[in-house]
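Please read the structure below before turning to the comments.
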Amino acid sequence: MTGKEAKYQQRYGEMLDAAALVFSEKGYHGASTKDIADQLGIRQGSLYYYFSSKQEALAEVCKRGVDGFNVRFSVIIEGDGGPQEKLRRAIAAHLSPMLTHRPYVKVFLKDRKDLEADNRRKVGSSSRAYEEAWQSLVEAGAAAGVFRECDPRRAVLGLLGMMNGTFDWFDGGEAELGEIGVLYADLFLNGLGA
């Protein structure tokens, strides 16, 4: 990568960071490209060098908001441990972007419904794959006799809903987030225990 390409990629990342922050604070419909430009201290027209529309920015922010979840989950599933330990690690991994990519995930959770159809399908397929991976973990735990028989889809949607809701109210640090992850795992595992 040339120096010019590296500089472009860095600036593109800064533009998306600003878009994610503005969308997370104002919502997609409440935000404007002027708000994003103001966040960066640049002229509004300069944004169009990096993305052609507010919708394109939303699509990339949502994509980055869901990126990584499937990769982290796969590493956990392929690693050592039984279903209970994997579930604990998966909960911690799901919550971790709250400290590193919070605006992106928050926009994905709240504003992906505003994506145009093609972008919504692309982002949605990644989200569905993630839900299905969680369901497989719950099913594996039931097959191993450590989780009780239940509707795995509903169980997973309930757990994901609880964890995703945390993005609305959590404002603490890493240690507190770890405690929340342990609490959620205990609540879920005690309710799911065989």
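Bear in mind that the values in this text are calculations on the coordinates, not laboratory data. Remember, predicted model here, so these are calculated numbers, not experimental data. Here Cβ is always computed from backbone atoms with ideal geometry, including for glycine, and neighbour counts include all displayed protein chains.
The lysines within cross-link reach of LYS110, meaning a Cα-to-Cα straight distance under 27 Å and a gap of 8 or more places when in the same chain, are LYS26, LYS34, LYS54, LYS63, LYS122.
Need one word for the stretch 102-194: rounded, prolate or oblate. Basis is the Cα gyration tensor (sqrt eigenvalues a ≥ b ≥ c); a/c below 1.5 gives rounded, then a/b vs b/c decides. Oblate.
I need the Kirkwood Rh of the chain: take the reciprocal of the average 1/r across all distinct C-alpha pairs and report it in angstrom. Walk me through the intermediate numbers first.
Numbers: mean 1/r = 0.0552 Å⁻¹.
Value: 18.1 Å, from the Cα pair sum.
Ordered by the number of other Cβ atoms lying within 10 Å of each residue's own Cβ, fewest first, GLU78, GLU14, GLU139 fall into the sequence GLU78, GLU14, GLU139.
Relative contact order for the stretch 63-192: what is it in percent, counting Cα pairs under 8 Å that are at least 6 residues apart?
Working: 92 pairs, mean separation 46.1, N = 130.
Answer for the stretch 63-192 is 35 percent.
For the stretch 3-56, just say rounded, prolate or oblate: build the C-alpha gyration tensor, square-root its eigenvalues into a ≥ b ≥ c, call rounded for a/c under 1.5, and beyond that prolate if a/b exceeds b/c, oblate if not. Verdict is prolate for the stretch 3-56.
Assuming 0.36 nm per residue, please report the length gained on full extension of the stretch GLU25 to ARG154 beyond their Cα-Cα distance. It would help to have the intermediate numbers written out before the result.
On the way: separation 129, 0.36 × 129 = 46.44 nm, distance 3.00 nm.
Taking 0.36 nm per residue and subtracting the Cα distance, the gain is 43.4 nm.
Residues VAL156, VAL71, ranked from the fewest to the most other C-beta atoms within 10 Å, line up as VAL71, VAL156. Can you tell me the orientation of helix 174-192 relative to the chain, as the angle in degrees between its alpha-carbon axis and the longest Cα principal axis, to the nearest 10? On a 0 to 90 degree scale, this one is about 40.
Each residue of the stretch 63-74 is assigned a 3J(HN,Hα), and the resulting list reads 4, 5, x, 9, 4, x, 4, 5, 5, 4, 5, 4 Hz, derived from the Karplus form 6.51 cos²θ - 1.76 cosθ + 1.60 (θ = phi - 60°), x at Gly and Pro. Classify the stretch 1-114 as rounded, prolate or oblate, taking a ≥ b ≥ c as the square roots of the eigenvalues of its Cα gyration tensor: rounded when a/c is under 1.5, otherwise prolate if a/b is larger than b/c and oblate if not. Judged from the Cα gyration tensor, the stretch 1-114 comes out prolate (a/c at least 1.5, a/b above b/c).
For Cα pairs less than 8 Å apart in space and 6+ apart in sequence, what is the mean separation divided by the residue count of the stretch 1-77, i.e. the relative contact order in percent? Show your work: numbers first, answer last.
Values: 37 pairs, mean separation 21.5, N = 77.
Value for the stretch 1-77: 28 percent.
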